[in-house]
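Beneath this line is the structure, given in structure tokens, with notes to follow.
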Amino acid sequence: MPERNMSLQKTPMPTQPAEVRNHNFEEVTLGYTWKMAASEAKRCLDCKNHPCVNACPVGIDIPGFIQRVANEDMDGAYEVLNRSTALPAICGRVCPQETQCEGMCVRKAKGDSVGIGRLERFVADWHREHSDVQPQPSVPNGHKVAVIGAGPSGLTCAGDLAKIGYKVTVFEALHVAGGVLVYGIPEFRLPKDIVRKEIDGLKTLGVEIQTDVVIGRTLTVDELFEMGYEAVFIGSGAGLPRFMSIPGESLKGVYSANEYLTRINLMKAYLPGSRTPIQRSHAVAVVGGGNVAMDAARCAKRLGAERVYIVYRRGMEELPARLEEIEHAQEEGVIFRTLVNPAAVLGDEKGWVTSIKCVEMGLGEPDASGRRRPIEIEGSEFTLDVDTVIMAIGTQPNPLIHRTTEGLDTDRHGCIITNGEDGLTSRPHVYAGGDTVTGAATVILAMGAGKHAASAIHKEIMGSEG
Amino acid sequence: MPPRETNRVGICLDPTKAVRCDIIRWIAVTKGITSMFEVLEKQALNPTVVRMTISAPLIARKAEPGQFVILRAKADSERIPLTIADFDRATGSITLIFQVMGAGTIEINSLEAGERLQDLVGPLGKATDTMGLKKVCVVGGGVGCAIALPIAKKLHEQGAVVHSVVGFRTRELVILEEEFRSISDEFKLMTDDGSYGEKGLVTTALESLINAGNQYDEVIAIGPLIMMKFVSLTTKKYGVKTIVSMNPIMIDGTGMCGGCRLTVGGETKFACVDGPDFDGHLVDFDEALRRGEMYREFEQHERETACNLFAKEAR
């Protein structure tokens, strides 16, 4: 048993200095060294009830992998992670650990939680860079499953089924697999090389990925069954951007966060010499307070904007983004204008954005979400001079699949209705999970849903084989 | 019809249902859905407009007039939306007709028969609704005629009376004249400079047809925004329902980026999933015209770079 590390603080994460990184797209956090990881792992008490595991949407044996890191058995640690997650290098980077595993850590009673996310990332990175232990394809069990959407939920579902012998085909509408991991989350937070390698790992397991196929257009769910797939998992995400319906949203210089981030990430506008058009802004207002808003704001800064505002109608405490993203954005010089709501986007005679008219908000009684309801303060209007406005106020599920699939029930927000944890929809043999069921949420929740659906699909197919 | 016989997982076992075999055959033939997109034929229709036939069995199988595809010529190309000009379900090919004008279309045009496109996805958007139409005037402007033709053809095949009005800047830009003639009950060709057909705008010809007593169920106009705007203004005077096909800036074509949004009847619509066809009397054309200019400077620069690059290669 290695000696425990009783430091109250998490081993600090090496990070690019803020004034350097806000001019480049390289990864902000550099990752632990072997020594740092081993030392941080020794902060885990391996406590009896392991509340962290219960708080993990994919149920990783957290103390199990951390103890192996403490013993400097990195291959063993990877093996433990690999049992529960197909994408550890990604989860370690983008999970909101403070509200999940780390939020429940007993070390939080006094001091910081164990840096679970950072350790997960270290193990995955170390494995990718140093280990030649490759995942082995399983013996085929003769059954075929189709997965719609190569994002976090679909890839997890595909990986889990492939591991137990299913022939899985993933259909992806874009020209590259990864979903929000490639079009949404920027390079400096999640290098695309890592996403590609984790997906390559799935391919090694035997998962087949068909890009450029839009289910609902190129093929329908019914045709997938006719092609011999025995079950279909829908993980098509929540891609349809919302706008505010305020005047001026069609001016030139108003983007949905999806468009802005897609141009930068998927279409590589961040690379010098890229041919993807993107506005080179001087001053930007990003409307919204989630991770997507932080990503857009930090991208704008990196593309050279002198002033970048986050405009959010509730207070700092209510910002839904991951804590680390908020801190990083602040360090990088993003200006937070909280308790502020946009009223209109104003433009010049040629239709270009010149400013955004806002109104200050006060907080009233708690609303249905339990958060205090923002109320406009009369006469508090003011304008921010900006040439770009990015709307990051959420997305809805894309209607293409349910419009073209008979008998697939959705709620009034367009989310596919499932029977709960299994992800079974109103159509037999059709499962769904991730943002297309929950509306915009997190990568890890989508992965959890993909995982549960995979096990339900397995149970159904094996059950009927009887 | 007897109930469809299926096995436990809903696979159709009825041999008369050919869908399954078709798909499987295509996948077998092409060894995967996406490892195809081979350019089968390429032909210049006029100095700047090219017709390209591409192998795309899955898209050809579903395509209907009015729908579009998104394509990328090379691994680092932009995603470009182009409306499907024709399709052949038997041979599994689609035809695109496009004007070589931006960096993206220059790259597509650099591919020769036998080469493959990097990506091709579709068919996207809603098909043009021709149901129940008995008499229609189809108006095409410039390269927009390439998209208007399959719609006119479909109307003709379903037995509707088709009047076609096509307009071009000048004689050397005229395309698809014979194709339009062969399916039109009345055909008018206009040029801005009078070098061919009649001199004048498509709106002049359309208005004279309406004034001659033609009662159209619908006018379908496809061409430059400014043409569709004036066609819509013209028909509004006469209360003739008008459908226009919008082709705004877009990235994914599946409703994700919101770049293609338009104001239609005061509501925000996405051309890629709600369109591309809209009621011309409700579209805010001035806004669409402004939005279309968003990347003009950028595109100009890119076009020059691409042209220089190709000029260099040619040397």
Subject >> the range B:251-273, residues that are more than 9 Å from chain A (Cβ to nearest Cβ) and either within 24 Å of A:Met267 (Cα to Cα) or buried (at least 24 other Cβ atoms within 10 Å of the Cβ) (or both) >> reply: B:Cys260, B:Lys269, B:Ala271, B:Cys272
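Residues are listed down the side, and each one gets a yes or a no for (1) closer than 20 Å to A:Leu30 by Cβ; (2) modelled with pLDDT of 95 or more; (3) touching a strand residue (DSSP E or B) at 6+ places or on another chain (Cβ under 9 Å); (4) surrounded by fewer than 23 Cβ atoms within 10 Å (Cβ to Cβ):
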| position | (1), (2), (3), (4) |
| --- | --- |
| A:Lys301 | yes, yes, yes, yes |
| A:Arg314 | no, no, yes, yes |
| A:Arg322 | yes, no, no, yes |
| A:Ile326 | yes, yes, yes, yes |
| A:Ala329 | yes, yes, yes, no |
| A:Val340 | no, yes, yes, no |
| A:Ala343 | no, yes, yes, yes |
| A:Asp348 | no, no, yes, yes |
**OP:** Would you point out the residue of the range B:261-272, among those that are free of Cβ contacts under 8 Å to residues at least 40 places away in the same chain and either assigned to a loop (DSSP other than H, G, I, E, B) or aliphatic (A, V, I, L, M) (or both), that is farthest from A:Gln279 (Cα to Cα)?
**Re:** B:Gly265
**OP:** Determine which single condition A:Ser274 fails, assuming it passes every other condition in (1) touching a residue at least 60 places away in the same chain (Cβ under 8 Å); (2) in contact with a Lys or Arg (Cβ under 8 Å, 6 or more places away or on another chain); (3) among the small types (Gly, Ala, Ser).
**Re:** (1)
Subject >> Unmet criterion (only one of (1) part of a helix (DSSP H, G or I); (2) within 13 Å of chain B (Cβ to nearest Cβ); (3) not aliphatic (A, V, I, L, M)) for A:Asp212 >> reply: (1)
Original post:
Looking at A:Ala77, is it in contact with a Pro (Cβ under 6 Å, 6 or more places away or on another chain), crowded, with 22+ Cβ neighbours inside 10 Å, among the small types (Gly, Ala, Ser) and over 22 Å from A:Gly184 (Cα atoms)?
Top reply: no
**OP:** Test A:Ile461 against the stated conditions and say whether it is assigned to a helix (DSSP H, G or I), buried (at least 24 other Cβ atoms within 10 Å of the Cβ), on the phi < 0 side of the Ramachandran plot and touching a His at 6+ places or on another chain (Cβ under 9 Å).
**Re:** no
Original post:
Out of all the residues in the range A:235-258, is one or more among the acidic types (Asp, Glu) and under 17 Å from A:Val168 (Cα atoms)?
Top reply: no
**OP:** Collect the residues in the range A:253-270 that are surrounded by fewer than 20 Cβ atoms within 10 Å (Cβ to Cβ) and either within 9 Å of chain B (Cβ to nearest Cβ) or acidic (Asp, Glu) (or both), keeping them in residue-number order.
**Re:** A:Lys268
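Yes/no matrix, rows are residues, columns are (1) buried (at least 16 other Cβ atoms within 10 Å of the Cβ); (2) in contact (Cβ under 8 Å) with a residue 60 or more places away in the chain; (3) farther than 17 Å from A:Ile148 by Cβ:
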| site | (1), (2), (3) |
| --- | --- |
| A:Arg372 | yes, no, yes |
| A:Glu378 | no, no, yes |
| A:Gly407 | no, no, no |
| A:Thr410 | yes, no, no |
| A:Pro428 | no, no, no |
| A:Ala453 | yes, yes, no |
**OP:** Would you be able to tell me the number of residues in the range A:374-411 that are closer than 29 Å to A:Ala283 by Cβ and assigned to a loop (DSSP other than H, G, I, E, B)?
**Re:** 10
**OP:** Return a yes/no flag: does the range B:66-81 have any residue that is closer than 30 Å to B:His163 by Cβ, of a type in the set (A, V, I, L, M), part of a loop (DSSP other than H, G, I, E, B) and within 11 Å of another protein chain (Cβ to nearest Cβ).
**Re:** no
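The values are calculated or read from the model by the stated rules, or taken from the named source; none is laboratory data. Since this is a predicted model, take the numbers as computed values, not measurements. Note: ideal-geometry Cβ built from the backbone for every residue, glycine included; neighbour counts use all protein chains shown.
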